[in-house]
Amino acid sequence: MSLAQTVADIRRHGDWSRLPQAIPFARMLKLRVDVRGESFTSVLPYEPSLIGNPLVPALHGGAIGGFLECAGILHMLWSTDAPSIPKTINFSIDYLLSCRPQDTYANVYMVKLGKRVSNLRIEAWQTTPDKPVVVATLNLLMR
Amino acid sequence: MQTSHGASAWSHFLSVSPYTGRMGIEAISAEDGGCVLALPYSPELVGDPDSGVLHGGAVTALIDTAFGFAVFFRIQQFQPMATLDLRIDYLRPARPGAKVYTRALCYKVTPELAFVRGCSYEEDASDPFASCVGVFMFTAGQRSFGEQGKSA
C-alpha cells in the first residue's frame, strides 16, 4: 500500500494512532499521536537512546528537532487532505530550555495554509503546554 | 572516505552521545576549513516511504552533531553547550540510498556563543541538498567526559 493509500485509509476510519506507523522515521522514534476532538498532539516517548549529553542529562537537540519536524508533517496529514508528504522548504528551531529525560509533547499551529506554501509553528513541551521547551517554524511546499 | 587523523582524535565526543551512536553518525575529517561528519543511509530513517528520501529529522541530527563537533574543534576543548537555534534550508531532496555528509565550520566564538554554518551533500560539497546555520550557547557544567579533547 502506498503512503497516500494508507493515509486515505486512516482518514476514512479516523484511526490516527496508525499514522506514525506509516512513516519509517516516526516509527523509529516510536512517536504516538493523541487526538482529542480538534486537538492533535504528537508524543515522543522518552528512551535513553534519545540522550545527547549524558552529563546533564539532556535529550539530543537533533532528536528534538527531528521530532518537531515530524510532528509538523503528521499534523499536516491530519488537518488537511494533502495526498502525500509535503516537502520541507526550511525548518528553523529555537531551543528555549534543556529537554529533560522524559516524554516530550508537540502541538502545531497552522499559521498559514496555502496552495503552494504552508507555514506551521510547532511548540514542544514537557510539563505544561504553556511552558514550551523548544519552538520551531516549518515552511512546507505543498504538491 | 577515510577518517582523517584530526577527526579520529575528536571522535570520542560522538561515542558519548547515545543518540549520535544510535543514528550511526561518523566523524570523517576535522580541519581548519571545516569538520565533516557522515550519516549512513538506513531504511528506518526514511521520511517518505514512497520515495525513500531520508526524513529531515535524520538530517537535523547530523547537522546538530556536526555543528557541535565544529565548535569543539575550533576551541580545541570540550565545553558544555546547548543549541540555541538551528535553521536548515532544503535546496532539494537528499538522494535515496546515499550516505549523507555535513561540512560544518565554526566561524566565530565569543565567551558566551559560538556561530556555525554548513551544508549537507551526498558526494559533492559544491552540490548540497541542504544549507544550514546555527548558534550554540556555552553553559556551566562538567567540562570533561573523562578524556579531554586532544589537539588535532
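The values are calculated or read from the model by the stated rules, or taken from the named source; none is laboratory data. The structure displayed is predicted, hence computed values, not measured ones. Cβ placement follows ideal geometry from the backbone for every residue including glycine, while neighbour counts extend to all protein chains displayed. Heavy atoms of the whole protein, side chains included, go into the accessibility calculation; ligands, DNA and RNA do not. Shrake-Rupley method; radii C 1.70, N 1.55, O 1.52, S 1.80 Å.
Matching residues to (1) loosely packed, with under 15 Cβ neighbours inside 10 Å; (2) of a type in the set (S, T, Y); (3) over 18 Å from B:D48 (Cα atoms); (4) modelled with pLDDT under 95:
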site: A:C70; (1), (2), (3), (4): no, no, no, no
site: A:H75; (1), (2), (3), (4): no, no, no, no
site: A:A82; (1), (2), (3), (4): no, no, no, yes
site: A:I93; (1), (2), (3), (4): no, no, yes, no
site: A:V111; (1), (2), (3), (4): yes, no, yes, no
site: A:V117; (1), (2), (3), (4): yes, no, yes, no
site: A:V133; (1), (2), (3), (4): no, no, yes, no
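Among the residues of the range B:19-39, those that are under 13 Å from the mean Cα position of the chain (by Cα) and either open to solvent by 20 Å² or more (accessible area, probe 1.4 Å) or of a type in the set (K, R) (or both) comprise B:G21, B:G24, B:E26.
Within the range B:98-112, the set of residues being open to solvent by 50 Å² or more (accessible area, probe 1.4 Å) and closer than 10 Å to B:R74 by Cβ comprises B:L105, B:Y107, B:K108. Criterion first (within 7 Å of chain B (Cβ to nearest Cβ), within 17 Å of B:V46 (Cα to Cα) and of a type in the set (G, A, S)) does A:G65 satisfy it? Criteria met by A:G65. The residue that is nearest to the other protein chains (Cβ to nearest Cβ), among those in the range B:8-18 that are in contact (Cβ under 8 Å) with a residue 60 or more places away in the chain and surrounded by fewer than 19 Cβ atoms within 10 Å (Cβ to Cβ), is B:V16.
The residues of the range A:46-61 that are touching a Phe, Trp or Tyr at 6+ places or on another chain (Cβ under 8 Å) and more than 7 Å from chain B (Cβ to nearest Cβ) amount to a single one, A:L59.
Starting from residues that are among the hydroxyl-bearing types (S, T, Y) and in a strand (DSSP E or B), keep the ones in the range A:1-52 and report whichever is farthest from the chain's Cα centre (by Cα).
Within the range A:1-52, the first condition is being among the hydroxyl-bearing types (S, T, Y), and the residues that meet it are A:2, A:6, A:17, A:39, A:41-42, A:46, A:49.
After this cut, where a residue has to be in a strand (DSSP E or B) as well, the list is A:39, A:41-42.
On the way: A:S39: 13, A:T41: 8, A:S42: 6 Å.
It comes out as A:S39.
Listed by first and then second residue, the pairs linking a residue in the range B:74-95 that is in contact (Cβ under 8 Å) with a residue 24 or more places away in the chain and in a loop (DSSP other than H, G, I, E, B) to a residue that is open to solvent by less than 40 Å² (accessible area, probe 1.4 Å) and among the charged types (D, E, K, R), with Cβ atoms under 9 Å apart and 6 or more places separating them unless they lie on different chains, are B:P93/B:D48; B:A94/B:E122; B:R95/B:E122. Which condition does A:I85 not pass, out of (1) closer than 28 Å to B:A66 by Cβ; (2) more than 7 Å from chain B (Cβ to nearest Cβ); (3) assigned to a loop (DSSP other than H, G, I, E, B), if it passes all the others? Unmet condition: (2). Residues being part of a loop (DSSP other than H, G, I, E, B) and under 17 Å from B:A114 (Cα atoms) are represented in the range B:29-43 by at least one member. Inside the range B:82-94, residues that are closer than 19 Å to A:V56 by Cβ and surrounded by 21 or more Cβ atoms within 10 Å (Cβ to Cβ) make up a count of 2. In the range A:27-45, the residue that is least open to solvent (accessible area, probe 1.4 Å) out of those that are within 9 Å of chain B (Cβ to nearest Cβ) and free of Cβ contacts under 8 Å to residues at least 12 places away in the same chain is A:M28.
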